[in-house]
Amino acid sequence: MRQIDALKSPRFTQISTFARLPICESLNGVKALFIGIPFDDATTYRPGARFGPSGIRQGSRLLRPYNMYLDVYPFDDLNACDRGDVNVVPGYIDDTMKVIEKDIDEIVKSKIVPFIAGGDHSITLPILRSMAKNYGKVNVIHFDSHFDFWDSYWGKKYTHGTWLRRSVEEGLISNVIQVGIRGPQFTKDDFEEGKKLGVKSFNIREVKYSREKVISTLNSLNGPTYISLDIDVVDPAFAPGTGTPEVGGLTSFETLEMLRELKLEKIVGFDVVEVSPPYDISEITSMLAANIIYEGMSLISFNK
Ligand SMILES: [Mn+2]
């Protein structure tokens, strides 16, 4: 029956919801949903991530209901829907963070797992505030080419490169594991800073050469876990549509494979940030981001 439904779906027409899912009319019975946060005023280099949600929806039109790798029907299993976008306030990060936290609260309070399309990485701070309020401290698996734990940019505390330090300072997270760090750094001291903050980082060489170790470390996390994936963890050859690209990253296949191998007790939320469609080529970044969210939903479906 499901297959027939899939064939009937208007796959090649312009439907503006994620994976042609229904719009969330009510949250009753919903176990996971898609929501967009079109905010990019905390970006330090190339802008455009405010178009991430619409780009990812566009890139999601070919997603089909059955995931053969995990043997699940994520959309059906989770009764998934598209919640639309958070009503952010362009140019005003404090106001925007309040609106994000309020909207995510509503979802998390109902024990629904949000799959969030950014937006730049600053959006993760208010999301984690909501997670901590509802679950207590959460683990964070952070896929990124950048540390994101700097103290400030241009003297400002809230940017897309400082959200992780703010989350640690605010006591929102327990364990943080970073995957895919690379590129030229500001200073050698950053590595010590990370240790002081309690952040465990796997750089790209460790990920490429000691993959099993990285996966087993991720799978050793207990308790509620939040996954935050900056699309720039992927090599710009596979994901050029992003704000601060770093060469020499993961392939799209490696990224999807790592997600498929996660066996976590409880995933409470998942974001894919920094997708900037104006810098994309042939929708490859948006399609990858959509597939990453699909694998994330499949994981919840598989582990539930
Ligand atoms: Mn990054």
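The values are calculated or read from the model by the stated rules, or taken from the named source; none is laboratory data. These figures come from a predicted structure and were not determined experimentally. Here Cβ is always computed from backbone atoms with ideal geometry, including for glycine, and neighbour counts include all displayed protein chains.
A few points about this structure:
- Matching option when the condition is in contact (Cβ under 8 Å) with a residue 24 or more places away in the chain, more than 17 Å from the chain's Cα centre (by Cα) and away from the ligand (no atom under 14 Å from the Cβ), among Gly183, Gly155, Gly171: Gly171
- Filter pass, Thr225 being on the phi < 0 side of the Ramachandran plot and away from the ligand (no atom under 13 Å from the Cβ): yes
- Residue match in segment 137-152 (condition: within 12 Å of the ligand (Cβ to nearest atom), buried (at least 24 other Cβ atoms within 10 Å of the Cβ) and in a helix (DSSP H, G or I)): no
Okay, residues lined up against (1) of a type in the set (Phe, Trp, Tyr); (2) touching a Ser or Thr at 6+ places or on another chain (Cβ under 8 Å); (3) over 23 Å from Leu125 (Cβ atoms):
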{"residue": "Gln178", "(1), (2), (3)": "no, yes, no"}
{"residue": "Lys195", "(1), (2), (3)": "no, no, no"}
{"residue": "Lys200", "(1), (2), (3)": "no, yes, no"}
{"residue": "Arg205", "(1), (2), (3)": "no, no, yes"}
{"residue": "Arg211", "(1), (2), (3)": "no, no, yes"}
{"residue": "Ile215", "(1), (2), (3)": "no, no, yes"}
{"residue": "Thr242", "(1), (2), (3)": "no, yes, no"}
{"residue": "Leu250", "(1), (2), (3)": "no, no, yes"}
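- Every condition in (1) aromatic (Phe, Trp, Tyr); (2) within 16 Å of the ligand (Cβ to nearest atom); (3) surrounded by 16 or more Cβ atoms within 10 Å (Cβ to Cβ) is met by Phe75 except one, and the failing one is (2).
- Selected residue (criterion: modelled with the lowest pLDDT) from residues of segment 41-65 that are in contact with a strand residue (DSSP E or B) (Cβ under 8 Å, 6 or more places away or on another chain) and in a loop (DSSP other than H, G, I, E, B): Thr44
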